[in-house]
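The values are calculated or read from the model by the stated rules, or taken from the named source; none is laboratory data. Every value quoted in this text rests on a predicted model; they were computed, and no experiment measured them. Note: ideal-geometry Cβ built from the backbone for every residue, glycine included; neighbour counts use all protein chains shown.
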Amino acid sequence: MTTMEILRELPPNWKQITETFDVDPATRVLYAYFPHIYNPTGFRVPPALVAHERVHLDRQRKDVVQWWQSYCDNMRFRLMEELLAHRAEYVAVCNHPGTNRAQKRAYLVAISKRLGSQLYGCKIRAKTVKALLPAMDDPAVMQKVLDMEESVPFNDGSVT
Ligand SMILES: [Zn+2]
């Protein structure tokens, strides 16, 4: 069994990432590359973000190279992976003792904006993410919301 570590360095596929995404190495971003989390800027990583990255690591376990290839090439794949990871992040915040309803709501808004932003190139609206994340335990709800999203013009998967 491999133990996950948070490493203060660029991920092994940094070249592939920069060829696909417009990322600045100085930006506070985490990268999951099985079996480790890469934190190039060394910022303090809150538990909710570890929960997020653990979802990616778990899904990369079978074939991390293929996972990253799909993540870079296929916007739909990327969107689904990020919805699952953001969902886990949101649940971690909700389960943290002492988090009140206002804080949960504010966090949901913040991560919905993040997933709806340029960072992921997913072309999903923040309000759709906001509706989707709390309902993801129900596959019918998830399908319905994603069907709704079909009406939004998606790009061809390129993000640059
Ligand atoms: Zn992610």
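Find the residue count for segment 51-74, including only residues that are within 14 Å of the ligand (Cβ to nearest atom) and within 24 Å of T128 (Cα to Cα).
The qualifying residues number 10.
Within segment 104-134, restricting attention to residues that are of a type in the set (V, I, T) and within 16 Å of L84 (Cβ to Cβ), which residue is farthest from the chain's Cα centre (by Cα)? Outline the logic, then answer.
We begin by selecting, within segment 104-134, every residue of a type in the set (V, I, T); these are 109, 111, 124, 128-129.
Subsequent filtering for residues that are within 16 Å of L84 (Cβ to Cβ) retains 111, 124, 128-129.
Numbers: I111: 9, I124: 13, T128: 15, V129: 12 Å.
Only one residue tops the list, namely T128.
So which helices (runs of 4 or more DSSP H) stay within segment 44-96 end to end and still have 3 or more residues that are within 11 Å of the chain's Cα centre (by Cα)?
Working: elements: 47-60, 64-73, 75-95.
Per the criteria, 47-60, 75-95.
Against the conditions (1) basic (K, R); (2) within 13 Å of the chain's Cα centre (by Cα); (3) modelled with pLDDT under 95, where does R28 fall short? Just the number, please.
(2)
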